[in-house]
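K.L.:
What follows is a structure written as structure tokens; I'll ask about it next.
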Amino acid sequence: MSNKEVATATEKKPKKNLKKFKYGSMSAVVIALVIVIVVIFNLICSMVAKRSPLKIDLTADNRYEISEESVEAIKNLKGDVEITVTFPKSDFTSMSNYYQQMYMMYYGVNVETPYDMIPSILENYEMYAKQGTGNIKVQYVDMNKDPDIIARYRKFYNNDIPEGSIIVFSGDNDNGRVKVISQEEIASMIQPANTSSQNAITMNFVGESTFTSAILNVTDSNPIKTAFISMMNGTSLTGQGYESITADFMTFLGKNGYDCTEVDISTDPLSPEDYDMVVIPMPSVDFSADIIGKLGDFLYNGGNYERNMLYIPNLYITDLPNISEFLADWSIKVEESAVLDDTNWIETYMGFNQNVNIKLSVNDTDSVGSLPNESLPIVAPATRRLSILSKNNDSIAVSVLKSMDTSYDQDDNQKGARDAVILSKKETSSGLDRYTSNLLVLGSSFMINNSVLTQTNAFNNANVIMGILNTMTGKEASAVIPEKALQQALITPTANEMNVIKIFVLYAIPAIVAVIGIVVFVRRKNR
């Protein structure tokens, strides 16, 4: 080989190494950029996930998302909240399978009971709280392995905290409020809708209202203490048929910041120091003079007033002279006749004739307050007509809700608007300060039935009633959360499946890309 050939060969060799180094360096740079991009992307996703939902809810009913009412309430939290689940997260999946098998066994139908949606919903509470001024922390603990955590909550809770419950707490080591959601309440978070039949079962999720109300209750510094008169001399006050309405309404108030206590009006004390409001639901018997005096003393409050009462008449009981005299002292009369309307009525699922389910309109906006959706109708099935009496007393009565101009009395075909909800006030003053006691009367006991109150978002009953009560008692507006109808879907990712999707998208795919980049780099380097 000549010197010229040697020199030429020597010149070519560095060029080959330079080319190999060039491609190898570019591969390294590309891999490094991919890794950096993946890391930055994951960091951004983690930061954004704390403020905004990154999960895609593929269900037709948005079962993993919480309502706008809950989101708004959580963003406005005034304190920090701990939600402690006293059993493993995997138990929610077990509950789903168990109840699905039970429905198949007893009813012969395959019904979804997706309790495994609850952990994802709790995560959303955590996320949305970070967008506001408060904070929500969700944790799963073993009561046997973490007894100190449960002991901390027991300091502020008079009853037992059983395993299998969910604890909602707000406060510190010295002061705190606790709400315990029992196993039974958790199980009833998914239940058949009112319209279900044995052959066609539709499930509703009611757990969101339970969680939201529990969070608001433990952060509420001024709950309305309410005496719920359910008994008289050890016997049900309402009589047969109304107990479920009474119980459901008490639950409804409890979920909206009213601490309800059942009392026997004959034997239990009714001190204004213990209660802010009294509820008298659908009495089937008259009160004695002593009981009437007890009610009057409560509202008078030693001349300080500032107490409230809600009276709901029984549709079928009209001969209650002592109660009627008590109401008349507040310029209110419950008439014997029902109000009907052949034009402005709304279909309900209570078995009444159509013209009994009358529409109401707001007559006094100050008493009702602002409504989230004023276009929704207010329905008052089987309402008794109310009247404002012209009496020479110190009460001021106003009509809050009226029927439409097309309505008429059951015993009188003359059409015209009738009073259906009346609020009466008695006031006193001291200097520039004014003190008021209020008596609210609802003409219809069925306008607080769950089928029009909580089991549907088609009516405005829940928002209107809570608006009146909150205005009357001076309580800040509470969040009324409608139940969510769960649709049977062909493709419904569970919470576990959503976690698998998350792991695959955020970790598996980037890892696969990185491995492929490394393999390409090594192969090119060894060429």
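The values are calculated or read from the model by the stated rules, or taken from the named source; none is laboratory data. Please read these numbers as outputs of a predicted model, since none were measured by experiment. All Cβ positions, glycine included, derive from the backbone under ideal geometry; neighbour counts span all protein chains shown. We work out accessible area using only protein heavy atoms, side chains counted, and drop any ligands, DNA or RNA first. Shrake-Rupley method; radii C 1.70, N 1.55, O 1.52, S 1.80 Å.
K.L.:
Quickly run through the range 351-361 and pick out the residues that are under 23 Å from Ile245 (Cβ atoms) and either of a type in the set (S, T, N, Q) or open to solvent by 40 Å² or more (accessible area, probe 1.4 Å) (or both). Let's see the steps before the verdict.
P.N.:
Pass one, the range 351-361, residues under 23 Å from Ile245 (Cβ atoms): 351-360.
Result: Gly351, Phe352, Asn353, Gln354, Asn355, Asn357, Lys359.
K.L.:
Just checking, does the range 385-400 include any residue being on the phi > 0 side of the Ramachandran plot and within 27 Å of the chain's Cα centre (by Cα)?
P.N.:
Within the range 385-400, none of the residues are on the phi > 0 side of the Ramachandran plot and within 27 Å of the chain's Cα centre (by Cα).
K.L.:
Evaluate the following for Tyr275: is it of a type in the set (Ser, Thr, Tyr), within 22 Å of Met472 (Cα to Cα) and either assigned to a loop (DSSP other than H, G, I, E, B) or modelled with pLDDT of 95 or more (or both)?
P.N.:
yes
K.L.:
Now for a separate question. Could you tell me whether the range 82-92 includes any residue that is outside any loop (DSSP other than H, G, I, E, B), open to solvent by 60 Å² or more (accessible area, probe 1.4 Å), of a type in the set (S, T, N, Q) and out of contact with any strand residue (DSSP E or B) (no Cβ under 8 Å at 6 or more places or on another chain)?
P.N.:
yes
K.L.:
For the range 403-441: of the residues being β-branched (Val, Ile, Thr) and under 33 Å from the mean Cα position of the chain (by Cα), which is nearest to Ala382 (Cα to Cα)?
P.N.:
Restricting to residues being β-branched (Val, Ile, Thr) and under 33 Å from the mean Cα position of the chain (by Cα), the top hit is Val421.
K.L.:
Name the single residue that is surrounded by the fewest Cβ atoms within 10 Å (Cβ to Cβ) among those in the range 449-465 being modelled with pLDDT under 95 and aliphatic (A, V, I, L, M).
P.N.:
Ala458
K.L.:
Restricting the search to the range 385-399, which residues are touching a Ser or Thr at 6+ places or on another chain (Cβ under 7 Å), of a type outside the set (A, V, I, L, M) and crowded, with 18+ Cβ neighbours inside 10 Å?
P.N.:
Arg385, Ser395, listed by residue number.
K.L.:
Report every pair of residues separated by at least 6 positions or lying on different chains whose Cβ atoms are under 7 Å apart, first residue within the range 464-490 and of a type in the set (Ser, Thr, Tyr), second modelled with pLDDT of 80 or more and not in a helix (DSSP H, G or I).
P.N.:
Once the first residue is of a type in the set (Ser, Thr, Tyr) and sits in the range 464-490, its partners that are modelled with pLDDT of 80 or more and not in a helix (DSSP H, G or I) give Thr471/Gly369; Thr473/Ile224; Thr473/Asp276; Thr473/Met277; Thr473/Asn308; Ser478/Asn256; Ser478/Gly257.
K.L.:
Looking at the range 287-308, which of the residues that are surrounded by fewer than 17 Cβ atoms within 10 Å (Cβ to Cβ) and either touching a helix residue (DSSP H, G or I) at 6+ places or on another chain (Cβ under 8 Å) or of a type in the set (Gly, Ala, Ser) (or both) is nearest to Thr436 (Cα to Cα)?
P.N.:
Among residues in the range 287-308 that are surrounded by fewer than 17 Cβ atoms within 10 Å (Cβ to Cβ) and either touching a helix residue (DSSP H, G or I) at 6+ places or on another chain (Cβ under 8 Å) or of a type in the set (Gly, Ala, Ser) (or both), the one nearest to Thr436 (Cα to Cα) is Gly303.
K.L.:
For Asn322, are the conditions met, namely being touching a Phe, Trp or Tyr at 6+ places or on another chain (Cβ under 8 Å) and either part of a loop (DSSP other than H, G, I, E, B) or closer than 23 Å to Asp394 by Cβ (or both)? Steps first, answer last, please.
P.N.:
Values: touching a Phe, Trp or Tyr at 6+ places or on another chain (Cβ under 8 Å): yes; either part of a loop (DSSP other than H, G, I, E, B) or closer than 23 Å to Asp394 by Cβ (or both): yes.
Answer is yes for this residue.
K.L.:
What is the one condition in (1) assigned to a helix (DSSP H, G or I); (2) touching a residue at least 60 places away in the same chain (Cβ under 8 Å); (3) charged (D, E, K, R) that Lys294 does not satisfy?
P.N.:
Condition not satisfied by Lys294: (2).
K.L.:
Hey, does the range 315-332 have a residue that's under 31 Å from the mean Cα position of the chain (by Cα) and either at pLDDT 95 or above or surrounded by 14 or more Cβ atoms within 10 Å (Cβ to Cβ) (or both)?
P.N.:
Yes - at least one qualifying residue is present in the range 315-332.
K.L.:
Ok, one more. Here's a check for you: in the range 252-270, which residue that is surrounded by fewer than 17 Cβ atoms within 10 Å (Cβ to Cβ) and not in a loop (DSSP other than H, G, I, E, B) is nearest to the chain's Cα centre (by Cα)?
P.N.:
Per the criteria, the residue is Asp259.
K.L.:
Do you know which of the residues in the range 222-244 that are in a loop (DSSP other than H, G, I, E, B) and open to solvent by 10 Å² or more (accessible area, probe 1.4 Å) is modelled with the lowest pLDDT?
P.N.:
Per the stated criteria, the residue is Gln240.
K.L.:
Let me ask you something else. With the structure loaded, tell me whether Gln131 is in a loop (DSSP other than H, G, I, E, B) and either within 24 Å of Ser188 (Cβ to Cβ) or open to solvent by 60 Å² or more (accessible area, probe 1.4 Å) (or both) or whether it fails that test.
P.N.:
Yes; evaluated as a whole, the condition is true for this residue.
K.L.:
Which one of these does Ser444 not meet: (1) modelled with pLDDT under 95; (2) outside any strand (DSSP E or B); (3) among the polar types (S, T, N, Q); (4) more than 30 Å from Val71 (Cα to Cα)?
P.N.:
Going through (1) modelled with pLDDT under 95; (2) outside any strand (DSSP E or B); (3) among the polar types (S, T, N, Q); (4) more than 30 Å from Val71 (Cα to Cα) one by one, Ser444 breaks only (1).
K.L.:
Which one of the conditions (1) open to solvent by less than 30 Å² (accessible area, probe 1.4 Å); (2) modelled with pLDDT of 90 or more does Ser213 fail to meet, given that it meets all the rest?
P.N.:
(2)
K.L.:
In addition: Take the residues in the range 400-410 that are open to solvent by less than 10 Å² (accessible area, probe 1.4 Å) and out of contact with any Ser or Thr (no Cβ under 6 Å at 6 or more places or on another chain); name whichever of them is nearest to Lys359 (Cα to Cα).
P.N.:
For the range 400-410, the residue satisfying everything is Ser403.
K.L.:
Please count how many residues of the range 56-81 are of a type in the set (Ser, Thr, Tyr) and in a strand (DSSP E or B).
P.N.:
Counting residues in the range 56-81 that are of a type in the set (Ser, Thr, Tyr) and in a strand (DSSP E or B) gives 0.
K.L.:
Restricting the search to the range 103-115, which residues are more than 30 Å from Tyr128 (Cβ to Cβ) and either open to solvent by 60 Å² or more (accessible area, probe 1.4 Å) or at pLDDT 90 or above (or both)?
P.N.:
Hits for the range 103-115 are Met104, Met105, Tyr106, Tyr107, Asn110.
K.L.:
Taking the conditions exactly as written (in contact (Cβ under 8 Å) with a residue 60 or more places away in the chain and among the acidic types (Asp, Glu)), does Glu306 satisfy them or not?
P.N.:
The answer is yes for Glu306.
K.L.:
Turning to a different aspect of this structure: Kindly list, by first and then second residue, each pair from a residue in the range 216-245 that is more than 17 Å from Pro281 (Cβ to Cβ) to a residue that is open to solvent by less than 60 Å² (accessible area, probe 1.4 Å) and part of a helix (DSSP H, G or I), limited to pairs with Cβ atoms under 7 Å and residues at least 6 apart or on different chains.
P.N.:
Leu216/Ala73; Pro223/Asn217
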